[in-house]
Amino acid sequence: MILRKFFNPIRVIHYLRFELAVSVGLSVSAYLLYQLEGVQQFSLPFSTAAILGSALAIFLAFRNNSSYSRWWEARTLWGGIVNSSRVLARLVVTFADSHRHQPQYEAVRSEAFKTRLTYLQIAWVWALNYHLRRTEKWETLRPFFTEEADFEAVGAAQNKPNYIQLLMGRHVYTAMADGTLGGFDSFQMEGQLLALANYQGGCERIKNTPLLRQYHYFTKLFMLAFMLVLPFSLIGDFARMNMPALMIPMSVLISFVFGVMGRVGEVNEDPFENLITDVPLDALCNTIERDLRETLGEQGLPEKLAPVKGFLW
């Protein structure tokens with residue numbers, strides 16, 4: 001996620017190098033044709049570019065609104081994951097501690113259950129992060145598994161976050177059977193596990209369902225058509241002012257503005273691509289890990305992730 005308020009102009013130009021190169025080439029070509037053959041033969045009415053630009057603006061506006069909606073939905077889903085993770089950890093700790101007065105209560109077993117389930121929840125959020133970004137960092141999850149068999153089973157699973165939830169459900173009902181939990185404790189825990197499963201499904205829907213490709217294709221097509229028509233629509237007006245060369249920077253500037261609008265929508269439509277424009281999954285997972293380990297009473301918490309050069313990952 002980008003936090004900085006100002007951008008490096010050189011980086012921006014490099015990011016739009018293709019659009020700028022096409023615009024410069026077309027603008028210079030229009031100017032040379034004017035110089036060689038005369039403006040009357042190669043100029044177009046400005047209304048041509050104006051109408052095409054209006055159609056392009058409509059497509060860009062729709063795409064940018066849809067892209068931001070996808071990004072914000074992704075951030076909202078992860079906000080729910082943060083909240084449900086905290087609630088689940090609280091339920092695990094308080095429910096396990098509430099049975100101290102029961103004759104079948106065993107302190108060692110209860111503490112092991114709290115650690116195991118809370119750590120599995122931490123492993124789940126990091127696994128969902130890697131699952132969505134399709135990064136191979138599964139070995140980093142090993143410290144969160146108190147049983148090696150669980151880690152090996154997750155490593156062999158196709159959908160690792162989903163399998164971790166299965167392990168969590170099994171541990172909950174094992175705790176019900178041995179007296180670590182009791183009564184209706186599992187019902188409230190299942191409610192949080194269900195919420196987490198729904199959040200995962202929402203994230204996977206965004207990840208696996210791209211914005212309608214026809215909008216992407218026609219936006220690109222209209223952008224190229226606009227960049228082609230624009231210099232030939234401007235050359236006539238600038239020629240009448242006896243400043244035909246000024247058409248080149250003005251045409252490039254207008255194309256640059258439309259190009260930026262197009263790229264903003266393009267990068268925001270996919271919020272889980274491990275880019276600087278992503279929802280900051282690493283920072284959110286780090287926050288969840290710190291909060292849940294603090295719930296267990298641990299002291300040596302991981303350092304809070306801070307922005308790097310204006311970017312939060």
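Annotations
- Residues of the stretch 189-203 that are surrounded by 13 or more Cβ atoms within 10 Å (Cβ to Cβ) and under 29 Å from Ala107 (Cα atoms): Met189, Glu190, Gly191, Gln192, Leu193, Leu196.
- Residues that are hydrophobic (A, V, I, L, M, F, W, C) and in a loop (DSSP other than H, G, I, E, B) were ranked within the stretch 150-185; the one that is farthest from Lys137 (Cα to Cα) is Phe184.
- Condition broken by Asp270, with the remaining ones in (1) assigned to a helix (DSSP H, G or I); (2) under 30 Å from Tyr130 (Cα atoms) satisfied: (1)
- For the stretch 80-93, the condition of being at pLDDT 95 or above, hydroxyl-bearing (Ser, Thr, Tyr) and within 30 Å of Gly202 (Cα to Cα) holds for at least one residue.
For (1) among the aliphatic types (A, V, I, L, M); (2) closer than 30 Å to Thr135 by Cα; (3) modelled with pLDDT under 90, each residue gets a yes or a no:
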site	(1), (2), (3)
Arg213	no, yes, yes
Leu221	yes, no, yes
Arg263	no, yes, yes
Asp291	no, yes, no
Glu303	no, yes, no
Gly310	no, yes, yes
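- Of everything in the stretch 56-77 that is touching a helix residue (DSSP H, G or I) at 6+ places or on another chain (Cβ under 7 Å) and closer than 30 Å to Leu193 by Cα, the residue that is surrounded by the fewest Cβ atoms within 10 Å (Cβ to Cβ) is Tyr68.
- Number of positions in the stretch 216-228 that are over 31 Å from the mean Cα position of the chain (by Cα) and crowded, with 20+ Cβ neighbours inside 10 Å: 0
- Residue in the stretch 33-41 that is of a type outside the set (Ser, Thr, Tyr) and modelled with pLDDT of 85 or more present: no
- Note on the stretch 99-149: residues that are among the acidic types (Asp, Glu) and at pLDDT below 90 amount to 4.
- Counting only residues that are in a helix (DSSP H, G or I) and charged (D, E, K, R), the stretch 104-143 holds 7 of them.
- Within the stretch 281-297, residues that are closer than 10 Å to Thr118 by Cβ sit with their Cβ atoms under 7 Å from residues that are part of a helix (DSSP H, G or I) and of a type in the set (Gly, Ala, Ser), at 6+ positions apart or across chains, in these pairs: Leu292/Ser85; Leu292/Ala89; Thr295/Ala89.
- Restricted to the stretch 78-92, and to residues there that are β-branched (Val, Ile, Thr) and surrounded by fewer than 19 Cβ atoms within 10 Å (Cβ to Cβ), the residue that is nearest to Leu128 (Cα to Cα) is Val82.
- Filtered residues of the stretch 169-187 (kept if closer than 17 Å to Val87 by Cβ, surrounded by 14 or more Cβ atoms within 10 Å (Cβ to Cβ) and either charged (D, E, K, R) or modelled with pLDDT under 90 (or both)): Leu181, Asp185, Ser186
The values are calculated or read from the model by the stated rules, or taken from the named source; none is laboratory data. Keep in mind the model is a prediction, meaning the values are calculated, not measured. Note that each Cβ is placed from the backbone with ideal geometry, even for glycine, and that neighbours are counted across all protein chains shown.
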